[in-house]
1. Taking the condition of being in contact (Cβ under 8 Å) with a residue 60 or more places away in the chain, closer than 20 Å to residue A:130 by Cα and outside any loop (DSSP other than H, G, I, E, B), how many residues in the range A:270-286 meet it?
2. Quick one: which helices (runs of 4 or more DSSP H) sit completely within the range A:322-397 and have at least 2 residues that are within 11 Å of chain B (Cβ to nearest Cβ) and crowded, with 18+ Cβ neighbours inside 10 Å?
3. When you go through A:210, A:186 one by one, which is the residue that is surrounded by fewer than 23 Cβ atoms within 10 Å (Cβ to Cβ) and either under 20 Å from residue A:251 (Cα atoms) or not assigned by TED's automatic domain parsing to the domain that holds residue A:129 (or both)?
4. Right, residue A:45: in contact (Cβ under 8 Å) with a residue 24 or more places away in the chain and assigned by TED's automatic domain parsing to the domain that holds residue A:131 or not?
5. Suppose we filter C:138, C:150 for residues that are within 21 Å of residue C:21 (Cβ to Cβ) and either at pLDDT below 95 or out of contact with any strand residue (DSSP E or B) (no Cβ under 8 Å at 6 or more places or on another chain) (or both); which single one remains?
6. When you scan the range C:209-230, how many residues do you find that are at positive phi and in contact with a helix residue (DSSP H, G or I) (Cβ under 6 Å, 6 or more places away or on another chain)?
7. Of the residues that make up the range B:38-58, is at least one more than 19 Å from the chain's Cα centre (by Cα), within 13 Å of chain A (Cβ to nearest Cβ) and not in a loop (DSSP other than H, G, I, E, B)?
């Protein structure tokens, strides 16, 4: 039966066209919907293979390099797990221990670490307007290095969270929605509330809500973004969401209260983020290393945040959703009132009810990253997957 | 001949029953003696395979995660070596670089890192009453995650030193004693002196002496624990040692001087540790981050330690042992008088005489950890070992 | 055609005798010229295999340990890439996280990390007279450990830069010269200018220029070393260069200006380094941790350096070289005027012209390190390479 389910995903995958070989994966909306579907089918197939205890190793050696310019647990281990499962060696670029501080240029470092690299995963989400630009700069350097024969093969960049998108998170979220509702076609018309929530911290990236509204609107979902005044996202991404919704027959609208967004929702995603303009000021201040200004900004922000402690996902608000039973989602870790903080994004009771579902949501990330590595490094991923599935079938006889 | 020795260990191993599949290994005395013997036979077989240059790789991929909450060289490299030899990818959880500081719960982190993990090695020996509890908490979270389908397979925890036991050290010690005396049955009636020794540092964990008295008493050894007044171990572990000795036909007693313990001993293990009640006070202080109190405690402790500089393993005390020729053991690094400190646990002359034997003692650790990984991850470790040995035989023809 | 080129390197390699099995590679001039040639032929073969997408994995498991006592990007990733390509697991010894601070001896640590190690790469270039000595000390401990049966096999040390030589850099440089000029025999009579260059930093190691003059003089090159007064290299290495030149029919001379060295040169290597006597004083001061003295020395040095800002590789000086078209080389990262600093080793225009060639130069390092691992760990590297090439041929049919 496991084999049947795997073969089904294999067939779904082989019916879809992808064009990712030696390319990067930075922003979901830069890729056709068919490619997104292929990633999900492949991720599901790999997850089923792992579940039944079959290796899906596809490579003999090669480096998977990660560059984390911000802390990470989930994504770090997902990337490590994906590299291990596929047969790559993980190598982390610790910029503190490298000579990058010497004034080395990005284009030079990009080439220097890449002579035998296959994949480079990058998290750079601290500065608005910088993370995505940095990844493009690395990518351009890799293209140049490959064209000039410095690199035998151009490594692929996988965005592990930038200032614009958090594609491996959003894809894991979508994979979970697909599983939960029984297929991507089941998402059409489902209402999703992507809502700001109160947190006693500040400076959280905007990439998770942006990634969610930028991806879910492509599958006919009716997405409502809710946030207090002044907590808007990057305007261009709102445009993307609007366009996506128009094209997919879904909806995208902005609300001014969590309650409004939750009303009748099938899915809620309450999550804190910093105001766009605060992130911009923070980016400027961080460049000058003005500690006093940074402290002042933090104080101002926390004071502003404190005006919105009512933006907590609690039982009363959950009761507004469809049948009071919307699916609660979070990228984790959540700020749970009375658990990880005094008052936070979600009440302890609601979180506890949905704790295991959020773990399932997270469980897709290593397989989504595996799929991205698989698709970007293999010329004929369909044939390779078929060979792996056939190997698995023979082993299970 | 090498093949004969390997086959002998294989047969010994296959004659012993183990029940470790997908389980944890935290405390030696929670496992039946037969399982301990199986671990040693397997470790010896793997060591012989490595010695003759044959790979004992058993897995294609998968993560072996280590969490070091205290410094480590020997155990860190033993864990890395074991993971590499078996085919796992090592991934270290650096809590500074993760989001754990965000108030994330242990049960959440345990699941988040484990979607594709096979083994999790943990060192948490700094706080009395905490290390073992932490490992149990992680283990409970993993069990919960596996039962609820979040984890495809429950990873196994290997205790790399907690506040109660240091099982991979004690098992390596026992493997070395088995080798040195020519078999586990040769240990019966042998006298072992586990003695406190002076060190100019303070705050060393109690888990090594506890691990030694908790394990060696199970094999009929006559174990004497010696320490100055006030340097006692956890009372429950003394109980375990007493019960073990009674059951195995060995002995367990407490002495008040190194000389008393050494008299007629076949094996001596002089090693410093902090007084139990000091560790308790230290644990309390560390929670409050009261640096002044910590300094005061350190000063008080070092002054107290200084009253016992006579507890040094020197030639005169070694002369008290059986024929003056007891085997000296240490988990390393030792505080060697005139080498690594002015005055320490052991004289330079005694240490130099036994330096190579202590290296042999240490050399068992990577193979003990390999054995624990092998036993906890394979459903039929006997069949797998037989296949590896057969592969080795064919390669050597 | 790729297969032809690979087979040609294979044949060249098999015609050369090497004696590196289980040995160290610390200083190029301690190895016969034939061995150097074999390393280059092997590195080229491995590079070609990688270029055509064929794995040259040669091992099933085993640790490749790196010890970096100074920052590194290029060498760190080259070592990681080589380990991955050959099938070794990378394990880094972070001395901060180990118990080495406890006063553990080098000979003990060397054995403790090596029970299952195959290769140990060490960078220790901060202290004059110390790096090489440290590697010898580690090597002696490994030999002792292997002879006494503590280690099943003696791991090999690969010098990743010491105070005397930077052999993986110099070998990569030579491999690039061989490629650029079409063969080692084409180097005879070619003029190489190894020149000091101005940098706004201080304390750069002497090992790169020493490595270059110690290696290139063995291949009949006419090497001119140029530096301001007081910036001499270790006298013994100058002796080596003189002797090498005499034996190979090349030349070695010292000049007092960059212009003089550049005149008629086929290759220029302008690179900053600290004066020998300053490095000696720095080494003494670093031992005492006298921060004020260190600051004073830095200030004095930078002031002295500033007298020589004219030592910049610019267009005018390049015009002095043979036809104005000498090959510019650098180990990277270079201090580029107006890019990574206000005024530095090389003008932006000259660097940009030769940027891609310096990347090609760097691209040899992972394959040189792969070759060193291959040669030091395999009893019959020729047979193994032949088997890998045959495997590649069959796959490409």
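1. Going through the range A:270-286 one residue at a time, the tally reaches 7.
2. Result: A:348-363, A:365-377.
3. A:186
4. yes
5. Just a single option satisfies the conditions, and that option is C:150.
6. 1
7. So far as the range B:38-58 goes, no, none of its residues is more than 19 Å from the chain's Cα centre (by Cα), within 13 Å of chain A (Cβ to nearest Cβ) and not in a loop (DSSP other than H, G, I, E, B).
Okay, residues lined up against (1) at positive phi; (2) touching a helix residue (DSSP H, G or I) at 6+ places or on another chain (Cβ under 7 Å); (3) in contact (Cβ under 8 Å) with a residue 24 or more places away in the chain; (4) part of a helix (DSSP H, G or I):
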position: C:253; (1), (2), (3), (4): no, no, yes, no
position: C:265; (1), (2), (3), (4): no, yes, yes, no
position: C:293; (1), (2), (3), (4): no, yes, no, yes
position: C:299; (1), (2), (3), (4): no, no, no, yes
position: C:304; (1), (2), (3), (4): no, no, yes, yes
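The values are calculated or read from the model by the stated rules, or taken from the named source; none is laboratory data. What you see is a predicted model; the values in this text were computed from it and never measured. All Cβ positions, even for glycine, are placed from backbone atoms using ideal geometry, and neighbour counts span all protein chains on display.
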